[in-house]
Structure formats: C-alpha cells, structure tokens
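A short write-up of the structure that comes next.
The values are calculated or read from the model by the stated rules, or taken from the named source; none is laboratory data. The shown structure was predicted, so the numbers you read here are calculated from the model rather than taken from an experiment. Counting neighbours? That spans all protein chains shown, and the Cβs are built from the backbone with ideal geometry, glycine included.
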Amino acid sequence: MTRLSLLAVLVAVSLLGFSSVHAADTGQGNAARGKTLIYTCAGCHGIPGYENAYPNYRVPKIAGQNKQYILDALHGYRSGTRKHPTMDAQASSLSEQDMQDIATYLSSLATKPAKLGPKVGLKKATTCFACHGKDGQAVAANYPRLAGQYQNYMEQALHEYQSGQRNNAIMKGFASQLSDQDIKEITAYFHSLPSELSTLKYHIQGANEMGASN
C-alpha cells in the first residue's frame, strides 16, 4: 500500500470522530443582512486574482463556499487556530450573528458547475476525496469546496498545516506526508475542476451603482 493510499484510509476512519469536535451549525442566518455586511470583505475577496502581500498567494474565492466551513474558519481566526493578521482582526470584530448572516449569504452564491472531465493530478488527489469529493464540492458542509479555488492559495493552506500555522488534526496529518510536488499536483487537480466558487465582485451591496455587471 502506498503512502498516500494508507493515509486515505486513516483519513476516512478519522472522519467518524471529526464531526464531534466541530459544532454543527444550528443558528439562523439572514442572507439579506449578510449581503450588507460583506462590504468589509470586498477589499480583498471582491477583486478577482487579488494577492496577499506576504506570503504571496491569491486571496481565496469565498462566494459559494459552504456555510459551516465559513463559520469554522471565522471562529478559527478569532480563537487563534488559524493565523492571519487581517482575518484575525476581521473575525474579532464580528458578532456570532454577523458570522451567521455573512456565511448564509456567501453560501447562497454557489453556481452550478459544468460537467467533470478527466484531469491531471487525479491519482494523488484521491486521498482527499473522503472529505472534499472527487468533484471538489465537499461531502459535508464543514469541509471547504476546493473545485476551482486558486491553486497557490491551496498550496499556501497545505504549507500552513505542515508548519502548524493552521491547526486541524486531520489536515495536519495529511499535509505532513506530502512533498512539494505532491502539493502542486493535488492543488492543480482541484483548481482545474468546474467550480461553484467566485469572488465577491458582483455580489456586493451597491455593486451595480459602482459599475459592476454580470
């Protein structure tokens, strides 16, 4: 059994206990209010291809992302299990209801992806399918959609799991087994998939008045 195949088995088994350490979303979000709140996200997530200054990687697409994953990420930045100066400050400024509303709105923006075709990197990416799905759309709402996400953002995320900058037992164990080449091939696969994700460019309150169009 190869290293990645063995890890896939371990990840699948560990899923049995993973949901118990992440509280399920039981709150109610107001998408209309969330739309008015995401202006604070637009400076980075509303610009297609916008890059983080250091380390250099593209800011992720969040329009259409799973609601529970967004909530978990914001809670992670607030608690310190994820670390990014801008996101730490943003998350700390939000109330629980703000998070619910923002996550509800963002998750409502998913679009129907095109048909899946054969892709480069499929073999190594199979390790990820237990959580993220072969189509990259995620098997549960607390896992992120990866299909069509920026490749260098996903590379950065995996390196942060390796270094401990992101703290998640499953992802840390998975990422620790990957070489730089593995990371490039796996992220290339998910980046190439038809996506439900997009930037916030056309989803910001008042976007039409600012000259944006569909």
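The one condition from (1) modelled with pLDDT under 95; (2) of a type outside the set (A, V, I, L, M); (3) closer than 17 Å to residue 165 by Cβ that residue 115 does not meet is (3). For segment 23-39, a residue qualifies if it is at pLDDT 90 or above and either on the phi > 0 side of the Ramachandran plot or surrounded by 15 or more Cβ atoms within 10 Å (Cβ to Cβ) (or both), and the qualifying residues are 29, 30, 31, 33, 34, 35, 37, 38. The single condition among (1) surrounded by fewer than 18 Cβ atoms within 10 Å (Cβ to Cβ); (2) under 17 Å from residue 59 (Cα atoms) that residue 176 does not meet is (2). The residues on offer are 65, 90, and the sole one that is assigned to a helix (DSSP H, G or I), within 20 Å of residue 203 (Cβ to Cβ) and either at pLDDT below 95 or not hydrophobic (A, V, I, L, M, F, W, C) (or both) is 90.
Taken over segment 132-150, the residue count meeting the criterion of being under 22 Å from residue 83 (Cβ atoms) and touching a residue at least 60 places away in the same chain (Cβ under 8 Å) is 5.
Selection of segment 51-62 for residues being more than 18 Å from residue 147 (Cα to Cα) and either surrounded by 15 or more Cβ atoms within 10 Å (Cβ to Cβ) or at pLDDT 95 or above (or both) yields 51, 52.
Considering 109, 71, 146, the condition of being in a loop (DSSP other than H, G, I, E, B) and either farther than 17 Å from residue 191 by Cβ or not aliphatic (A, V, I, L, M) (or both) is satisfied by 109 alone.
Residue 131 passes every criterion in (1) of a type outside the set (S, T, N, Q); (2) surrounded by 19 or more Cβ atoms within 10 Å (Cβ to Cβ); (3) on the phi > 0 side of the Ramachandran plot apart from (3).
Any residue that is closer than 25 Å to residue 42 by Cα, touching a helix residue (DSSP H, G or I) at 6+ places or on another chain (Cβ under 6 Å) and either modelled with pLDDT of 95 or more or outside any loop (DSSP other than H, G, I, E, B) (or both) - is there at least one of those in segment 188-195?
Step one: filter segment 188-195 for residues closer than 25 Å to residue 42 by Cα, giving 190-195.
From what's left, touching a helix residue (DSSP H, G or I) at 6+ places or on another chain (Cβ under 6 Å): 191.
From the residues that got through so far, the ones that are either modelled with pLDDT of 95 or more or outside any loop (DSSP other than H, G, I, E, B) (or both) too are 191.
For segment 188-195, residues closer than 25 Å to residue 42 by Cα, touching a helix residue (DSSP H, G or I) at 6+ places or on another chain (Cβ under 6 Å) and either modelled with pLDDT of 95 or more or outside any loop (DSSP other than H, G, I, E, B) (or both): present.
Among the candidates 210, 154, the residue that is modelled with pLDDT of 90 or more and of a type in the set (A, V, I, L, M, F, W, C) is uniquely 154. Among the residues making up segment 89-104, a single one is within 16 Å of the chain's Cα centre (by Cα) and not hydrophobic (A, V, I, L, M, F, W, C): 104. The residues listed here are 134, 124; of these, the one that is assigned to a loop (DSSP other than H, G, I, E, B) and among the basic types (Lys, Arg) is 134.
In segment 116-131 there is at least one residue that is of a type outside the set (Val, Ile, Thr) and under 13 Å from the mean Cα position of the chain (by Cα). So, residue 78, is that one surrounded by 14 or more Cβ atoms within 10 Å (Cβ to Cβ), at pLDDT 85 or above, over 18 Å from the mean Cα position of the chain (by Cα) and not in a loop (DSSP other than H, G, I, E, B) or not? It is false that residue 78 is surrounded by 14 or more Cβ atoms within 10 Å (Cβ to Cβ), at pLDDT 85 or above, over 18 Å from the mean Cα position of the chain (by Cα) and not in a loop (DSSP other than H, G, I, E, B).
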